[in-house]
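Participant: Below is a structure I'd like to ask you about.
The values are calculated or read from the model by the stated rules, or taken from the named source; none is laboratory data. Given the structure is predicted, the values throughout are model-derived calculations rather than measurements. As a convention, Cβ positions derive from the backbone with ideal geometry for all residues, glycine included, and neighbour counts pool all protein chains shown. The area values use the complete protein model at the heavy-atom level, side chains included, leaving out ligands, DNA and RNA. Shrake-Rupley method; radii C 1.70, N 1.55, O 1.52, S 1.80 Å.
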Amino acid sequence: KIFFSSGLTAMEKKLAEYKCNTNEAIQLKLGDLCDGNIFAVKLLELLIVLFSLLSEVAFGYKGLKILLYYIAGNLSTLFRIEYTSKVNEKFDCVEADDVESKIREIIPPGFCTNTDDFVSLLEKEVNFKPFGMLLHTYSIHNEEAGEDITYQIYKADMTCPGFREYHERLQTFLMWFIETASFIDVDDERWNYFLVFEKYNKDGATLFATVGYMTVYNYYVYPDKTRPRVSQMLILPPFQGEGHGAQLLETVHRYYMSSPTVLDITAEDPSENYVKLRDFVLVKLCQGLLCFSPGKLIQGFSQEMVMEAQQKLKINKQHTRRVYEILRLRATDMGDAEQSRSYRLDVKRRLIGPYKKKQRELAKMRRCLRPEELTNQLNQIDLNMQHEQLEESFQQLVSDYRRVLERLAQA
């Protein structure tokens, strides 16, 4: 790293001219041929730092451009570094950052560096077909195009010809858009891959564009079950906000629901957005079960709900409880004082669990520390904080649950 003082020397001023913001330098695009414009169809603007791989500032270049283009279907890649000038030996042993090697660590070998070679690959895009087994087809109305667009979800594995190479290119998107992402061991046969494609027509040919994907790892559960765990899920930015995540997650759930060896479906370190998506999908699946009828919801959370959700939909107890709370909110008249109070107490009884555990731990510490005056004071402080935090957690949950119900009403 180079630090510049307020009184810059002539050399320092010269070096400062060779600093580039990598966010502005990177041009990441996903596309195909369209009216002579090679990259006109799908456009991704990369507005994030390359985390540990590149700092926000790359030193040693003027007019730096990091060109990274993907063909929309098979994701063949063009990668090239461009700049107007670069530091050299005249700068007294100062070297430029090796930007190219950092990106080469992520993208697999076999990419193009020449535009003409990339164009020849684009012309072969008509031969690309999705990998694996078709699970689901759905349509979404596109206001801009004024028509319904067709999408398909496939399940693939490493035995599909060409899929290993395709997946190597696909997983690079994780590094661009998910800060904590890492590549998986594709040689482990317990991985399942679920892919979303846009299906469209161009010049009389049927083409496919990559929309997103999900990886699921099948853990063994003694003695003869498996527990699929969602590991990675990404919908590419041009397609986000259109409902593809919900379609993908529901399709994956329905796929595993049909297997008698699956115990339940979980997720690895789920993000807040994923939890909200899962709430919507699971509530949608569960609302038709008899155990979640309004009459039974008012009676409270039951073992019947746990068993039916697990046996029919492969949903575990923790997720079933959230489904129950969301559906009970829909069945509750929150304007009625008694119904509102009953619902609030029911949810808070679950939320208070961690507070009670913490209270027991504090009580053990106080017995060792003493004196009684301090204990009584801390008890009062903890109690007040507990009530405030509990109410805040409840209000946040109700707000999240209402958004799920609003989305459900629009589905």
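Participant: From the list Asn218, Asn142, exactly one residue is assigned by the TED database to the domain that holds Leu282 and free of Cβ contacts under 8 Å to residues at least 12 places away in the same chain. Which is it?
Facilitator: Selected residue: Asn142, the only one of Asn218, Asn142 that is assigned by the TED database to the domain that holds Leu282 and free of Cβ contacts under 8 Å to residues at least 12 places away in the same chain.
Participant: Among what's in the stretch 187-216 and is within 16 Å of Leu75 (Cα to Cα) and of a type in the set (Gly, Ala, Ser), pick the residue that is modelled with the lowest pLDDT.
Facilitator: Across the stretch 187-216, the extreme among qualifying residues is Ala209.
Participant: If you don't mind, there's one more thing I want to ask. Look at Val281 and say whether it is surrounded by 16 or more Cβ atoms within 10 Å (Cβ to Cβ) and touching an Asp or Glu at 6+ places or on another chain (Cβ under 7 Å).
Facilitator: For Val281, the condition - surrounded by 16 or more Cβ atoms within 10 Å (Cβ to Cβ) and touching an Asp or Glu at 6+ places or on another chain (Cβ under 7 Å) - is met.
Participant: Shifting gears a bit: So, in the stretch 190-201, of the ones that are touching a residue at least 24 places away in the same chain (Cβ under 8 Å) and either over 20 Å from Met257 (Cα atoms) or of a type in the set (Lys, Arg) (or both), which residue ends up most open to solvent (accessible area, probe 1.4 Å)?
Facilitator: Arg190
Participant: Count, please, the residues in the stretch 176-203 that happen to be closer than 17 Å to Asp269 by Cβ and in a loop (DSSP other than H, G, I, E, B).
Facilitator: Of the residues in the stretch 176-203, 7 are closer than 17 Å to Asp269 by Cβ and in a loop (DSSP other than H, G, I, E, B).
Participant: Across the stretch 239-258, what is the number of residues that are more than 21 Å from Arg407 (Cα to Cα) and open to solvent by 30 Å² or more (accessible area, probe 1.4 Å)?
Facilitator: Selection size over the stretch 239-258: 3.
Participant: So, one more: Kindly evaluate Glu308 against the criterion of being of a type in the set (D, E, K, R), surrounded by fewer than 17 Cβ atoms within 10 Å (Cβ to Cβ) and at pLDDT 95 or above.
Facilitator: No.
Participant: Right, here's the next one. Grab the strands (runs of 3 or more DSSP E) fully contained in the stretch 50-158, keeping just those with 3 or more residues being modelled with pLDDT of 80 or more, over 25 Å from Ile178 (Cβ atoms) and open to solvent by 50 Å² or more (accessible area, probe 1.4 Å).
Facilitator: 133-142
Participant: Can you tell me which residue among Thr115, Thr84, Thr137 is under 28 Å from the mean Cα position of the chain (by Cα), among the hydroxyl-bearing types (Ser, Thr, Tyr) and on the phi < 0 side of the Ramachandran plot?
Facilitator: So the residue among Thr115, Thr84, Thr137 that is under 28 Å from the mean Cα position of the chain (by Cα), among the hydroxyl-bearing types (Ser, Thr, Tyr) and on the phi < 0 side of the Ramachandran plot is Thr137.
Participant: State whether the residues of the stretch 347-363 include one that is in a helix (DSSP H, G or I), at pLDDT below 95 and under 27 Å from the mean Cα position of the chain (by Cα).
Facilitator: There is at least one residue in the stretch 347-363 that is in a helix (DSSP H, G or I), at pLDDT below 95 and under 27 Å from the mean Cα position of the chain (by Cα).
Participant: When you go through Thr206, Thr215 one by one, which is the residue that is among the polar types (S, T, N, Q), in a strand (DSSP E or B) and open to solvent by less than 20 Å² (accessible area, probe 1.4 Å)?
Facilitator: Exactly one of Thr206, Thr215 is among the polar types (S, T, N, Q), in a strand (DSSP E or B) and open to solvent by less than 20 Å² (accessible area, probe 1.4 Å), namely Thr215.
Participant: With of a type in the set (Val, Ile, Thr) and either in contact with a strand residue (DSSP E or B) (Cβ under 6 Å, 6 or more places away or on another chain) or open to solvent by 40 Å² or more (accessible area, probe 1.4 Å) (or both) as the only criterion, which of Thr172, Thr226 stands out?
Facilitator: After ruling out the rest, the residue left standing is Thr226.
Participant: Follow-up. Return the pair list, or none, for Cβ contacts closer than 7 Å from residues in the stretch 385-398 that are in contact (Cβ under 8 Å) with a residue 12 or more places away in the chain to residues that are not aliphatic (A, V, I, L, M), at least 6 apart or on different chains.
Facilitator: Gln386/Tyr355; Leu390/Lys348; Leu390/Tyr355; Phe394/Arg344; Phe394/Lys348
Participant: Now for a separate question. Which is farther than 18 Å from Ser76 by Cα, touching a Ser or Thr at 6+ places or on another chain (Cβ under 8 Å) and surrounded by fewer than 20 Cβ atoms within 10 Å (Cβ to Cβ), of Ile178, Ile184?
Facilitator: Selected residue: Ile184, the only one of Ile178, Ile184 that is farther than 18 Å from Ser76 by Cα, touching a Ser or Thr at 6+ places or on another chain (Cβ under 8 Å) and surrounded by fewer than 20 Cβ atoms within 10 Å (Cβ to Cβ).
Participant: Taking only the stretch 243-274 into account, find how many residues are in a loop (DSSP other than H, G, I, E, B), small (Gly, Ala, Ser) and under 11 Å from the mean Cα position of the chain (by Cα).
Facilitator: Matching residues across the stretch 243-274 total 1.
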